[in-house]
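Beneath this line is the structure, given in structure tokens, with notes to follow.
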Amino acid sequence: MDCVFCKIVAKEIPANIIYQDNNVIAFPDINPLAPTHLLIIPRKHIPSLPHLAEADSSLIRDMVHIANQLAKRQGISASGYRLVINSGKQGGQGVSHLHMHLLGGRQLSSALG
Ligand code: AMP
Ligand code: ZN
């Protein structure tokens, strides 16, 4: 499958994988928008939020928990951070493999749109 994140999961494309378990991996965004900018992704190819089955709800829960742990590890837990999931064209999703951005380490804009 021609999916850049599946290729990172399969180790066909290099990434500095800073967290991994049976279901999830995390690595730095190649184009960081903040001092901390990590991507937390499922190993399984789920294209976007509407493709999440009810059985996947534990996956999102785990991704949030992992993001919180990574924020703590990066020292931004107290200063604050943002978790973002873009979904679909108008949601600004560029890579069609579900992923959560963890952004922090600077004052983020309050604008969401
Ligand atoms: P989104 O716009 O929410 O789909 O975010 C996709 C993100 O993936 C962007 O912030 C890209 O910079 C990032 N990205 C694309 N290719 C790679 C890669 N090979 N390694 C790390 N991050 C990547
Ligand atoms: Zn994929």
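The values are calculated or read from the model by the stated rules, or taken from the named source; none is laboratory data. The structure displayed is predicted, hence computed values, not measured ones. Using ideal geometry, Cβ is built from the backbone for each residue, glycine included, and neighbour counts are taken over all protein chains shown. Accessible surface is based on the protein model in full, side chains and every heavy atom, while ligands, DNA and RNA are left aside. Shrake-Rupley method; radii C 1.70, N 1.55, O 1.52, S 1.80 Å.
Things to note:
- In sequence order, region 38-45 has phi-based couplings of 10, 10, 10, 10, x, 5, 6, 6 Hz under the Karplus curve 6.51 cos²θ - 1.76 cosθ + 1.60, θ = phi - 60°, and Gly or Pro positions carry x.
- Within the listed set ILE60, ILE13, ILE85, the residue fluctuating most in the Gaussian network model of the chain (springs between alpha-carbon atoms under 10 angstrom) is ILE13.
- Cα-based helix-to-principal-axis angle, 57-73 vs the chain, degrees rounded to 10: 40 degrees
- For region 9-113, carbon and sulfur atoms together expose 52% of the accessible surface, with a 1.4 angstrom probe and every protein chain in place.
- A simple rule links phi to the HN-Hα coupling: the Karplus curve 6.51 cos²θ - 1.76 cosθ + 1.60 with θ = phi - 60°, which for region 10-24 gives 7, 6, 7, 10, x, 7, 7, 6, 9, 8, 8, 9, 5, 10, 9 Hz, with x for Gly and Pro.
- Å² of accessible area per residue within the chain, as computed with a 1.4 Å probe and no ligands counted: 60 Å²
- For region 1-100, applying the loop criterion from DSSP together with a ceiling of 15 other beta carbons within 10 Å to the trypsin sites (Lys or Arg not before Pro) yields LYS11, LYS44, LYS89.
- Bridging of LYS11 to lysines at a Cα separation below 21 Å is possible for LYS44, once same-chain residues fewer than 8 apart are set aside.
- Computed over the chain, Cα set: Rg, Dmax in Å: 13.6, 40
- Long-range tail of P(r) for region 45-95 (Cα pairs > 12 Å, %): 71 percent
- Interchain or long-range residues, amide H under 5 Å from ILE25's placed H: ILE41, ARG43
- Residues with amide H under 5 Å from that of LEU98, placed H, sequence gap 5 or more: ILE46, SER48
- The aspartates and glutamates whose alpha-carbon is closer than 17 Å to the alpha-carbon of LYS72, local same-chain residues fewer than 8 away aside, are ASP62.
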